[in-house]
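*Asks:* Let me give you the structure first, and then I'll get to my questions.
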Amino acid sequence: MRHQLGADTVLNDRHRLVLMDCFETLVQFADGRYIARNGIPTFLAEITQRRRKVVVVISDAAESVVLAAIREAGLTMYIRDVYHAGNAAEDLGHGRMRKRLDLPLQHLGRTREEVVFIGDSPLDAEAAQHHGIPFIRVPRSEDADFTFTALLAGPSRYDSGEFSQTMLNSYLKPKP
């Protein structure tokens, strides 16, 4: 299998701002409601309280949906700001959107070297590549064995056959 983008990125002391995708990264939908992903409360408490990092959520979903999901999952105390489809999504055409990862950097006065983006999808990886921001790849919630606390000790090391450079490239091709 080819090496996967984001599999070696480590959350380190240089990273002062952590951008996080919302759905299937920060929260998952289970039993009719949004809940925090496995290990997320411990992970967020550690990085915001002990390591003094700022966490911002960035999603291409509507603001009201993102805010409701974060609130329902009990995570609002850890989140500094929320960027959403209404203020941080770039329309690429053909039904594709790209998260504007540059906006939180501008608003919070951070450089690319001080930021890391954590996400689960090919679009997240593409947004990180486009904006030149280090990326940590995590599995979607279907991988019940994954816990975010693993990221406190080192890189994700998450590899999946379905998430490869080939898939990313085919996903980004314009649709007829």
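The values are calculated or read from the model by the stated rules, or taken from the named source; none is laboratory data. Computed from a predicted structure; not experimentally measured. Glycine gets a Cβ as well: all are built from the backbone with ideal geometry, and neighbour counts include every protein chain shown.
*Asks:* Taking the range 19-35 as the search range and keeping residues that are more than 22 Å from Leu123 (Cβ to Cβ) and of a type in the set (A, V, I, L, M, F, W, C), which one is surrounded by the most Cβ atoms within 10 Å (Cβ to Cβ)? Please lay out each step first, then the result.
*Replies:* Looking only at the range 19-35, we keep the residues that are more than 22 Å from Leu123 (Cβ to Cβ), and these are 30-33, 35.
Checking the rest, the ones that are also of a type in the set (A, V, I, L, M, F, W, C) come to 30, 35.
Details: Ala30: 10, Ile35: 17.
That would be Ile35.
*Asks:* Got a number for residues in the range 83-120 being out of contact with any Phe, Trp or Tyr (no Cβ under 9 Å at 6 or more places or on another chain), part of a strand (DSSP E or B) and either of a type in the set (Phe, Trp, Tyr) or under 23 Å from Thr48 (Cα atoms) (or both)? Before you say what the answer is, go through the steps one by one.
*Replies:* Going through the range 83-120, the residues out of contact with any Phe, Trp or Tyr (no Cβ under 9 Å at 6 or more places or on another chain) turn out to be 83-88, 90-95, 97-98, 102, 105-106, 108-115.
So of that shortlist, the ones also part of a strand (DSSP E or B) come out as 83, 90-93, 97-98, 115.
The next check asks that each one be either of a type in the set (Phe, Trp, Tyr) or under 23 Å from Thr48 (Cα atoms) (or both); those that pass are 83, 115.
Final tally of qualifying residues: 2.
Residue by residue, here is whether (1) out of contact with any helix residue (DSSP H, G or I) (no Cβ under 8 Å at 6 or more places or on another chain); (2) farther than 13 Å from Thr9 by Cα holds:
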position: His94; (1), (2): yes, yes
position: Arg98; (1), (2): no, yes
position: Leu101; (1), (2): no, yes
position: Leu105; (1), (2): no, yes
position: Arg110; (1), (2): no, yes
position: Ser121; (1), (2): yes, yes
position: Ala127; (1), (2): yes, yes
position: Val138; (1), (2): no, no
position: Ser141; (1), (2): yes, yes
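*Asks:* Now a separate question. Scan the range 59-83 and report the pairs whose first residue is closer than 18 Å to Arg33 by Cβ and whose second residue is of a type in the set (Asp, Glu), with Cβ atoms within less than 9 Å and a gap of 6+ or a chain change.
*Replies:* If the second residue must be of a type in the set (Asp, Glu), the pairs left are Ser59/Asp21.
*Asks:* Would you say Pro104 is surrounded by 14 or more Cβ atoms within 10 Å (Cβ to Cβ), at pLDDT 95 or above and touching a strand residue (DSSP E or B) at 6+ places or on another chain (Cβ under 9 Å)? Give the steps one after another, and end with the answer.
*Replies:* Working: surrounded by 14 or more Cβ atoms within 10 Å (Cβ to Cβ): yes; at pLDDT 95 or above: yes; touching a strand residue (DSSP E or B) at 6+ places or on another chain (Cβ under 9 Å): yes.
It is true that Pro104 is surrounded by 14 or more Cβ atoms within 10 Å (Cβ to Cβ), at pLDDT 95 or above and touching a strand residue (DSSP E or B) at 6+ places or on another chain (Cβ under 9 Å).
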